[in-house]
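K.L.:
Provided herewith is a single structure, encoded as structure tokens, for subsequent inquiry.
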Amino acid sequence: MTVLNPARTVAELKELRALTGDEDGAQRVAWTDMWAQARAWLRAKLEELPVEVETDEAGNMWATLRGASERALLIGGHIDSVPNGGWLDGCLNLLAGLEVLRRLAAEGTPPVTVRLVDWADEEGARFGRSLLGSSAFSGTIDPEELLELRDRAGVALPDALAAHGVDLRAAPGARRQQANAAAYLELHIEQGPVLEDMGLPMGVVLGTFGVERHRITWRGQAAHSGSTPMHKRRDALAGAAKLALHIRDIARETGDGAVCTSGGVVCRPGIVTSVVETAEQLLDQRHLDGGKLAAMLDAARRAGERFAAEERIAVGWDRIWRIDPIPFHPELIELADAAVREVCGASHRLPSGPLHDAAEVARAGIPTVMLFVQSLRGISHNKIEDTLEEHLQLSVRALDRLADKAMAWIGGGR
Ligand SMILES: [Zn+2]
């Protein structure tokens, strides 16, 4: 007999929506009064359990259920939302985790310590810095880089944090929370269409994509649209256009979830009476496999050289940003897959396009895995974000099963 009550999770999600949302959606932007109110609501529920609740140097809120061993299983989520956000992003993770804590506490002392964490400012909606609390935990934050960030009203990030009792310069102290962490689990809505297209309620996340972002500058020659014969032209846009089409083949041929996007082209002089002299093109490429990502970039570069020669134009590449793929733990992926199969009958493994707090935890070297539950229409960061209630309930059961498997795995001396 178990006290796990997934219907209660759905009811609590609705309670939170009523408390912190309006006709435009969820309004729990981090470092606002509404966010603090949402946290106080969560804290009150946690305090009904035999757990210790604390807030760390970066504003992350932790609830710790002491186990027979100090080695700890972490379960995470984020109660903050984007403005006009959905009712599930981030808070499903927490409320499902709360239900798991309730079940474990009712059964007595768990074999390992279990800690639920509400990461501070996952979304970065107000100051543009995502994963703030989890990057303080992982040790990848540099407070000096954030001192000048301001919101639209001109409020500086350090002042907004201070209003909620957080000293930005002390935030890296949250690293101490890594002590005894043996595994990290996160349940999240998919925020994409893959599981819905496959008719599956849930899947297991293999990791987060590596990303390569470049600005490609094509240089031809401006020339009169009326007097320049076609064979005399050196048209910079022709190179960008050929590449924009070719990257679709590169992604298709690479497979395994590969995506390539030509996000925009700016042409100069950009008038109807001139051949394009320069075309600045933005390219985003993503893959879960670092080698395949590098190969996709190489293929795009080689194609660019070819198109430049064909069009008698020049091409130059500048990297805007890159991040390595962050793979999740292979043994935890197996356990997660088993948990999803037991609860839903079938599972699917997929990469995550968006970054999540789980990526920061994995970067810290803590074995990590995520579960995805289907998103209707693949829509998120929008008030129409939704998931079937039966799928939400399955997701609570799957997280609960996975927590037991992960505790046994930790207890096995890992
Ligand atoms: Zn989220």
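The values are calculated or read from the model by the stated rules, or taken from the named source; none is laboratory data. Model, not experiment: these values are computed from the prediction. Here Cβ is always computed from backbone atoms with ideal geometry, including for glycine, and neighbour counts include all displayed protein chains.
K.L.:
Scan the stretch 76-94 and give yes if some residue there is farther than 17 Å from Ala181 by Cα, within 16 Å of the ligand (Cβ to nearest atom), part of a loop (DSSP other than H, G, I, E, B) and charged (D, E, K, R), otherwise no.
P.N.:
The answer is yes; a qualifying residue exists.
K.L.:
Only one residue in Arg115, Arg129 is more than 10 Å from the ligand (Cβ to nearest atom), free of Cβ contacts under 8 Å to residues at least 40 places away in the same chain and under 16 Å from Ala174 (Cβ atoms), so which one is that?
P.N.:
So the residue among Arg115, Arg129 that is more than 10 Å from the ligand (Cβ to nearest atom), free of Cβ contacts under 8 Å to residues at least 40 places away in the same chain and under 16 Å from Ala174 (Cβ atoms) is Arg129.
K.L.:
Output yes when any residue across the stretch 391-407 is in contact with a Phe, Trp or Tyr (Cβ under 7 Å, 6 or more places away or on another chain), within 16 Å of the ligand (Cβ to nearest atom) and more than 19 Å from Glu334 (Cα to Cα), and no when none is.
P.N.:
No, the conditions are met nowhere in the stretch 391-407.
K.L.:
Go through the stretch 27-44 and count every residue that is outside any loop (DSSP other than H, G, I, E, B) and either touching a helix residue (DSSP H, G or I) at 6+ places or on another chain (Cβ under 6 Å) or among the aromatic types (Phe, Trp, Tyr) (or both).
P.N.:
4
K.L.:
Any idea how many residues of the stretch 353-392 are of a type in the set (Val, Ile, Thr), closer than 16 Å to Leu195 by Cβ and at pLDDT below 95?
P.N.:
1
K.L.:
Checking the conditions here, which among Trp41, Trp35 is surrounded by 20 or more Cβ atoms within 10 Å (Cβ to Cβ) and among the aromatic types (Phe, Trp, Tyr)?
P.N.:
None of the other options fit; the residue is Trp35.
K.L.:
Still on this structure: Sort out which residues of the stretch 169-195 are part of a strand (DSSP E or B) and either away from the ligand (no atom under 16 Å from the Cβ) or among the β-branched types (Val, Ile, Thr) (or both), and write them in order of number. Lay out the reasoning, then the answer.
P.N.:
Within the stretch 169-195, the first condition is being part of a strand (DSSP E or B), and the residues that meet it are 181-189.
Residues satisfying the conditions are Ala181, Ala182, Ala183, Ile189.
K.L.:
In the stretch 328-341, what count of residues is obtained for those that are touching a residue at least 60 places away in the same chain (Cβ under 8 Å) and within 16 Å of Asp400 (Cβ to Cβ)? Please lay out each step first, then the result.
P.N.:
Of all residues in the stretch 328-341, those touching a residue at least 60 places away in the same chain (Cβ under 8 Å) come to 328-329, 331-333, 335-340.
When the remaining residues are screened for being within 16 Å of Asp400 (Cβ to Cβ), the result is 332, 335-340.
Qualifying residue count, the stretch 328-341: 7.
K.L.:
Of all residues being touching a residue at least 12 places away in the same chain (Cβ under 8 Å) and closer than 16 Å to Glu196 by Cα in the stretch 342-352, which is farthest from the ligand (Cβ to nearest atom)? Just the residue, please.
P.N.:
Ala346
K.L.:
Something else: So is Thr9 polar (S, T, N, Q) and part of a loop (DSSP other than H, G, I, E, B) or not?
P.N.:
So Thr9 fails the test.
K.L.:
Next question. Which one of the conditions (1) at pLDDT 95 or above; (2) crowded, with 18+ Cβ neighbours inside 10 Å does Leu146 fail to meet, given that it meets all the rest?
P.N.:
It fails just one condition, (1).
K.L.:
Of (1) over 21 Å from Ala174 (Cα atoms); (2) within 14 Å of the ligand (Cβ to nearest atom), Ala7 satisfies all except one. Which?
P.N.:
Here Ala7 meets the rest and fails (2).
K.L.:
Taking the conditions exactly as written (within 15 Å of the ligand (Cβ to nearest atom), hydroxyl-bearing (Ser, Thr, Tyr) and within 27 Å of Ala136 (Cβ to Cβ)), does Ser380 satisfy them or not?
P.N.:
yes
K.L.:
Tally time: how many residues in the stretch 52-75 are part of a strand (DSSP E or B), more than 15 Å from the ligand (Cβ to nearest atom) and either touching a residue at least 60 places away in the same chain (Cβ under 8 Å) or crowded, with 22+ Cβ neighbours inside 10 Å (or both)?
P.N.:
10
K.L.:
Here's another thing I want to ask about it. Out of the residues in the stretch 232-259 meeting the condition of being in contact with a Cys (Cβ under 6 Å, 6 or more places away or on another chain) and within 28 Å of Gln221 (Cα to Cα), tell me which one is surrounded by the most Cβ atoms within 10 Å (Cβ to Cβ).
P.N.:
Taking the candidates together, the pick is Ile247.
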